[in-house]
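**Student:** Have a look at the structure that comes next, please.
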Amino acid sequence: MRVPLRLVVLLLAFCCARAGFSQSTVTSTVSTPGDGRIAEWMYGEHIPAVSGLPFSAKVELELVNQLQDGTLITHKTYNLDARDHLGRTRNEARNWINPVEGAEPRLTRIELYDPSTRTRTNLFPLTKTARQWTVGSPVTTAAPSTQTVSKENIGSDSIEGLPVRGVRISQTYPPGALGNDRPLTIVTESWYSEDLKINLLTKRTDPRYGVQTVRVTELARQEPDAALFAISDEYKLFKETVQPPPAQGSGEPDGALDNNEEEEPGLP
């Protein structure tokens, strides 16, 4: 029996449609940060998981970029961060403040880290979901680098009533390293507090992005509320198992967001 050509075409179209609607499985991986990398972007404050030095603070972030025509673009926001006496840390991430509305910046993520269990948890307030995994110990590897890095001590000062020491790091990439046709230099100035083991002020000047500033304000050196480091019942928790990628530094995890990671305290 001959099958009409039109019927064959219809059958082929139906099979293709079924294939288009077939279910697929996507496996996502979670990369755990490792020490020793020089950040390309600063998302907030780097808080090592150090016990016995509790604090809470408002961390102000600012990005200023001047375009070639002279237009100045400025973005600002802030995070509320904390560390308790056990070394547990809390880092926030918020949207930029809308200068027209002037409303509070929307909280998009909270990252918790518990050094006693090496557990990292990301809370997403907008979806009321949480992802949690145990941080492993990355294998230390030597990372090839085309940049030239120089360090300069720039003195001492006081911020938020605490003594700080300043360091200036200059990273120079030769032509072609980043697609650049001439040497490109990124300068990062950081003011480090030995009392809290954190930078109280970091200023990064990058020709590609402008000037980024991370400043610790409203510092309170006391034990923060324990609820800040807990997962609320309103969150749906997803526990994940991950394999840490090779690291370029010591591999010791800490409580910081995946940014502004340092080879030694205060030196990005």
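**Student:** Where the centre of each part is set by its Cα atoms, how far does segment 65-80 sit from segment 208-230, in angstrom?
**Tutor:** So the two Cα centres are separated by 21 Å.
**Student:** Please list R109, R182, R221 from largest to smallest accessible area, probe radius 1.4 Å, with all protein chains kept in place. Can you show the working numbers first?
**Tutor:** Values: R109 65, R182 155, R221 130 Å².
The ordering from most to least exposed comes out as R182, R221, R109.
**Student:** Could you state the accessible area per residue of segment 97-227 in Å², with a 1.4 Å probe and every protein chain left in place?
**Tutor:** Numbers: 7020 Å² over 131 residues.
Accessible surface, normalised per residue, equals 54 Å².
**Student:** Which far-off residues, 5 or more places away or on another chain, put their amide H under 5 Å from the one on Y78, with H placed in the peptide plane?
**Tutor:** Sorted by chain and number, the residues that satisfy this are L61.
**Student:** Once the other residues with Cβ under 13 Å from the Cβ of L200 are scored (Lys, Arg +1; Asp, Glu -1), what is the net sum? Provide the component values of the computation, followed by the final result.
**Tutor:** Numbers: positive: K58, R165, K197, K203, R215, R221; negative: E45, E60, D81, D157, E160, E189, E194, D195, E218.
Here the count lands on -3.
**Student:** How many percent of the accessible area of segment 53-136 is carbon or sulfur, using a 1.4 Å probe?
**Tutor:** Details: 2190 of 4170 Å².
After summing per-atom areas, the C and S share lands at 52 percent.
**Student:** Be a star and scan segment 86-121 for residues whose amide nitrogen sits under 15 Å from the point 7 Å along the Cα-to-Cβ vector of T134.
**Tutor:** The answer is 114-121.
**Student:** Alpha carbon centre of segment 95-123 versus segment 186-207: separation in Å?
**Tutor:** Each part reduced to its Cα centre gives a spacing of 21 Å.
The values are calculated or read from the model by the stated rules, or taken from the named source; none is laboratory data. Since this is a predicted model, take the numbers as computed values, not measurements. Cβ sites come from the backbone with ideal geometry, for glycine too, and all protein chains shown count toward neighbours. In case anyone asks, the SASA skips ligands and DNA or RNA and just uses the protein heavy atoms, side chains included. Shrake-Rupley method; radii C 1.70, N 1.55, O 1.52, S 1.80 Å.
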